[in-house]
Amino acid sequence: MKFSLIQTSELDPEVLRQWMALRHSSQMYDSPYYHPAFAAIAGHARADARVLLCEEDHRLTGIWPFHAVTASRAVSIGDFLSDYQGPVRLLSQNWKMTDVLKAMQCRHFGFNHMPVEFTDFKHHAWIESQSHTLDLTGGYDAYVQRLSEKRDASLMKKVATNERKLTKKYGELRFEMQSSDLGDYQTLLKGKSQQFERTVGAAHDIFRVDWVCQVLEEIRLANEPGFAGMLSTLHAGDKLIAAHFGMRSEKVLHYWFPWYDTTYAEFSPGLVILAQCAKHAAQLGLTSIDLGRGDQAYKLRFATGANALCEGAISSPAVIAMAQAGVYRSKQFLKQSSLGQQLRKWRQTKA
């Protein structure tokens, strides 16, 4: 097994061809995060993007894009924007992590959206999570049937009721699955930025970060057969009441940045636009909508499946990641202890 390191700008047609062949070797790589276009866009926006190539018997068997943040630390391509991480490789492979880190020219790599199918990474994980999905195989009606059996049989009826109420009060609903309207896109970004400010503070607003804005804009403009930006919009009359921006591969829509106007919150426009995306997905050949990691209520209500993920780190020496894991487990223990509960109550009384 031989490793080599290149920059994203050095990806030539033959490497891209083999990358796509590796993607098609497993359904796990259907996510647009594993498409070379995503890595190339991240590489345009950040000069620290690199690609690790793995060869066996003069054949490319693994490709792993990442960011060399410092001389000692690396993160997944796309950094905190990445909802799926890890190499595109033959799943039969298991890498020796000390060799991988040496080839990456770093000492630490942390991950938090790594599929558990990567058993060599899972061995270094300290927690598991999941990314909820809508299985649209067979079309929308088949999805609704699966949803009714697994989750909430009345969900789509409630959505339809809200659609009728919105139409009656504000005018005809107009949904567009793939919009190119720049004004609507900017409205969504402004709304998401305001949401960040309300919830975590302006200092943590990712939409103020230049490279993030560049990545999202390039994805918005992307329109390849297997990779494209997706702006979906919902209007009531002439008013934009909800929108979603994400990206798609050949089969998967990654549901990334949903937004709705809180003026219309009583009608759950966020649920309406997600239901519309599911209803129209088949027109684009999509068989799945991936809602990303997290157990928000709307994800649990719409999901019919989930992809298992894990979080952890690899390091050289290994003691660095082991210490990090110890700190994490200590924090989790404290949160669940009676002392942790008392501290939370104390902070709430002081707020």
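A 24 angstrom limit on the alpha carbon distance is what I want to check against. Which of K158/K239; K169/K192; K190/K239; K158/K192 exceed it? Intermediate values should be presented prior to the final figure.
On the way: K158/K239 22 Å; K169/K192 26 Å; K190/K239 16 Å; K158/K192 26 Å.
Long pairs (Cα-Cα over 24 Å): K169/K192; K158/K192.
With N denoting the number of residues in segment 23-96, provide Rg(C-alpha) divided by 2.2 N^0.38 Å, to two decimal places. Spell out each step's value before the answer.
Numbers: Rg = 12.4 Å, N = 74, 2.2 N^0.38 = 11.3 Å.
It is 1.10.
In whole Å, how far is the Cα centre of segment 268-294 from that of segment 300-317?
With segment 268-294 and segment 300-317 each reduced to a Cα centre, they are spaced 21 Å.
Can you give the FRET efficiency to the nearest 0.05 for K190 and A297, using r as the Cβ-Cβ distance and R₀ = 25 Å? All intermediate terms of the calculation are to be shown ahead of the outcome.
Details: r = 24 Å, r/R0 = 0.98.
The calculated FRET efficiency here is 0.55.
Full-extension gain between I127 and L5, please, as 0.36 nm times their residue separation minus the C-alpha to C-alpha distance.
41.0 nm
Mind giving me the nanometre distance, one decimal, between the label points for T167 and L91, set 7 Å out from Cα along Cα→Cβ?
It is 4.3 nm.
Kirkwood hydrodynamic radius of segment 128-222 from all distinct Cα pairs, in Å?
Values: mean 1/r = 0.0584 Å⁻¹.
Result for segment 128-222 stands at 17.1 Å.
Round to the nearest 0.05 the FRET efficiency obtained for E176 and T119 when R0 = 45 Å and r is the Cβ-Cβ distance. Display every interim value, and only then the final one.
Values: r = 42 Å, r/R0 = 0.93.
For E176 and T119, the calculated efficiency is 0.60.
Hey, in the GNM for the chain with a 10 angstrom Cα cutoff, which one of A49, A153, A308 fluctuates hardest?
Largest GNM mean-square fluctuation: A153.
Would you kindly calculate the mean projected area, averaged across all directions, of the convex hull enclosing the Cα atoms of segment 62-133, in square nanometres?
Average projection, Cα convex hull of segment 62-133: 5.0 nm².
Normalised radius of gyration for segment 204-321, please: alpha carbon Rg relative to 2.2 N^0.38 Å, two decimal places.
Working: Rg = 17.0 Å, N = 118, 2.2 N^0.38 = 13.5 Å.
Normalised by 2.2 N^0.38 Å, the Cα Rg of segment 204-321 equals 1.26.
Report the Rg/Rh value for the chain, based on alpha-carbon coordinates and the Kirkwood definition of Rh.
Values: Rg = 21.5 Å, Rh = 21.9 Å.
Expressed as Rg/Rh, it is 0.98.
For H58 and A153, what does the FRET efficiency come to when R0 = 51 Å and r is the distance between their Cβ atoms, rounded to the nearest 0.05?
Values: r = 55 Å, r/R0 = 1.09.
The value I calculate is 0.40.
So what's the back-of-envelope 222 nm ellipticity for the chain, counting only DSSP H runs of four-plus at -39500 (n - 2.57) apiece and dividing by all residues, rounded to 500? Write out the running numbers ahead of the final one.
On the way: 12 runs with 139 residues, N = 351.
Rounded to the nearest 500, the figure is -12000 deg cm²/dmol.
What does the convex hull of the alpha-carbon atoms of segment 147-276 project to on average, in nm²? Each step should come with its number before you reach the end.
Details: hull surface 36.1 nm².
For segment 147-276, averaging the hull's shadow over all directions gives 9.0 nm².
Pairs K122/K251; K157/K251; K251/K279; K251/K299; K279/K299: which are spaced more than 23 Å apart, C-alpha to C-alpha?
K122/K251; K157/K251, as the Cα separations exceed 23 Å there.
I want to verify the translational diffusion coefficient of segment 1-57 in µm²/s; compute it with Stokes-Einstein, Rh as the Kirkwood radius over Cα pairs, at 25 °C and 0.890 mPa s.
203 µm²/s
Within the accessible area of the chain, what % is carbon and sulfur when the probe is 1.4 Å and the other protein chains stay in place? Can you show the working numbers first?
Values: 8740 of 17170 Å².
The computed percentage sits at 51.
Probe of 1.4 angstrom, ligands and nucleic acids ignored: what's the accessible area per residue over segment 1-48, in square angstrom?
Numbers: 2250 Å² over 48 residues.
Here the residues of segment 1-48 average 47 Å² of exposed surface.
Going by Cα centres, segment 184-203 and segment 36-92 are how many Å apart?
The two parts, judged by their Cα centres, are 29 Å apart.
The values are calculated or read from the model by the stated rules, or taken from the named source; none is laboratory data. Every value quoted in this text rests on a predicted model; they were computed, and no experiment measured them. In this analysis, Cβ positions are derived from the backbone assuming ideal geometry, glycine residues included, and neighbour counts consider all displayed protein chains. To get the accessible areas, we keep the full protein, side chains included, count just its heavy atoms, and leave off ligands, DNA and RNA. Shrake-Rupley method; radii C 1.70, N 1.55, O 1.52, S 1.80 Å.
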